[in-house]
1. Touching a helix residue (DSSP H, G or I) at 6+ places or on another chain (Cβ under 7 Å) and either under 21 Å from Ala56 (Cα atoms) or not basic (Lys, Arg) (or both): which single residue out of Gln234, Gln266, Gln169, Gln256 fits that description?
2. I need the full set of residues from the range 222-239 which are hydrophobic (A, V, I, L, M, F, W, C) and surrounded by fewer than 20 Cβ atoms within 10 Å (Cβ to Cβ), in order please.
3. Name the single residue that is surrounded by the fewest Cβ atoms within 10 Å (Cβ to Cβ) among those in the range 105-125 being within 16 Å of the chain's Cα centre (by Cα) and small (Gly, Ala, Ser).
4. Answer with yes or no whether Ala270 is farther than 20 Å from Thr69 by Cα, surrounded by fewer than 24 Cβ atoms within 10 Å (Cβ to Cβ) and of a type in the set (A, V, I, L, M).
5. Being modelled with pLDDT of 95 or more and either in the same structural domain as Gln266 (by TED's automatic domain parsing) or over 30 Å from Gly268 (Cα atoms) (or both): is that true of Lys111 here?
6. Would you pick out the residues in the range 169-216 that are among the basic types (Lys, Arg) and surrounded by 14 or more Cβ atoms within 10 Å (Cβ to Cβ)?
7. Please identify the pairs in which a residue from the range 39-52 that is at pLDDT below 70 has its Cβ atom under 7 Å from the Cβ atom of a residue that is surrounded by fewer than 20 Cβ atoms within 10 Å (Cβ to Cβ), counting only partners at least 6 apart or on another chain.
8. Of the residues that make up the range 81-88, is at least one in contact with a helix residue (DSSP H, G or I) (Cβ under 6 Å, 6 or more places away or on another chain), among the basic types (Lys, Arg), surrounded by fewer than 24 Cβ atoms within 10 Å (Cβ to Cβ) and in a loop (DSSP other than H, G, I, E, B)?
Amino acid sequence: MKLPKYAAAATAAVVLTSIAGVTAVSAAQGDNSHKAAPSSDASALPSVNMEALVKAAQIDPRRPDNKLTPGAKASVLLVEKALADRKLLDKKWVDGYFGTTTTAAYTKFQKSLGYKGISANGLPGKSSLAKLGAGRFTVNHVIVPGPKVKFGTKYYVNTRTQKMLLQAQKLLHRKLVLDQGSYNPGGDPTSVGTHDGGGVVDINVKGMNAATRTKVAKAMRQVGFAAWVRNPNQGDWPWHIHATAINDTDLSVQAQHQIGDYYLGQNGLANRGKDDGPKVTIRTWEEYLRVR
């Protein structure tokens, strides 16, 4: 809700069922725990599409208007109603728009579960949705970032991002080298927090000409990243490709804003200028897998 005036295949196939009395997942495991919730016959319950819900949570706070994210309204309403019933969201904001007010309410819910840091980033994760929806709704099209793994010899990403990078390499017929990985709080200050959580990488472009840099950025976009070629004229950094994985539920708040801006045709920088990257059909990783 907006303030006044202001793995992969399993993602589509797995159905996470939320029931009353669901076994609590330890807060230490975060909002994307791999433990499945207990299952039950919940055929009478409505269903939340997690892919559409998370997409709305990234885009809606960045909109200059009250347009709804296509395909997300029903799922957002179910979540907003549950938050309102917990007295975390005023009922007047239950409208299918996952803007800044709804994001703040969801963050409060995550913190009420004991989640901290990136696990309380306002994006609905698998674990918190199961708890919020207990006895109210089921969750399908579940997104799981997966555990942290090394990509190359130095930097870490989650397994969802790893799969995306490996597929981009296949499209490009070349290996990609990282200048910076994910889960890197306190790293390069010019990144302004985008790498604090998951789903964000910087690609080394040493030895690439302009055409190759654009080709790499295009491949990254095709597999589900919001990706841009960055140059020294834009900030205090060398040439590189900055890429943020759409719908990664471990995204830092700053990275979430970049995704929203990408969908709105912007460049992901503080100036919110026009997108200067290669044109592709915008898809998440899960959407890419379904259409390739």
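The values are calculated or read from the model by the stated rules, or taken from the named source; none is laboratory data. Note that the coordinates shown come from a computational prediction; the quantities given were computed from them, not determined experimentally. Backbone-built Cβ (ideal geometry, glycine too); neighbour counts: all protein chains shown.
1. On the way: Gln234 fails: touching a helix residue (DSSP H, G or I) at 6+ places or on another chain (Cβ under 7 Å); Gln266 fails: touching a helix residue (DSSP H, G or I) at 6+ places or on another chain (Cβ under 7 Å); Gln169 fails: touching a helix residue (DSSP H, G or I) at 6+ places or on another chain (Cβ under 7 Å).
After ruling out the rest, the residue left standing is Gln256.
2. Trp237, Trp239 - these are the residues of the range 222-239 that are hydrophobic (A, V, I, L, M, F, W, C) and surrounded by fewer than 20 Cβ atoms within 10 Å (Cβ to Cβ).
3. Gly117
4. Values: farther than 20 Å from Thr69 by Cα: yes; surrounded by fewer than 24 Cβ atoms within 10 Å (Cβ to Cβ): yes; of a type in the set (A, V, I, L, M): yes.
In short, yes.
5. Working: modelled with pLDDT of 95 or more: yes; either in the same structural domain as Gln266 (by TED's automatic domain parsing) or over 30 Å from Gly268 (Cα atoms) (or both): no.
When the stated conditions are applied, Lys111 does not pass them.
6. Our first condition is that a residue be among the basic types (Lys, Arg); within the range 169-216, this holds for 170, 174-175, 206, 213, 215.
Result: Arg174, Arg213, Lys215.
7. Ser40/Ile19; Ala42/Ile19
8. Taking the range 81-88 as the starting set, the residues that turn out to be in contact with a helix residue (DSSP H, G or I) (Cβ under 6 Å, 6 or more places away or on another chain) are 82-84, 88.
Next, from what is left, pick out any that are among the basic types (Lys, Arg): none.
Taking every residue of the range 81-88 in turn, none turns out to be in contact with a helix residue (DSSP H, G or I) (Cβ under 6 Å, 6 or more places away or on another chain), among the basic types (Lys, Arg), surrounded by fewer than 24 Cβ atoms within 10 Å (Cβ to Cβ) and in a loop (DSSP other than H, G, I, E, B).
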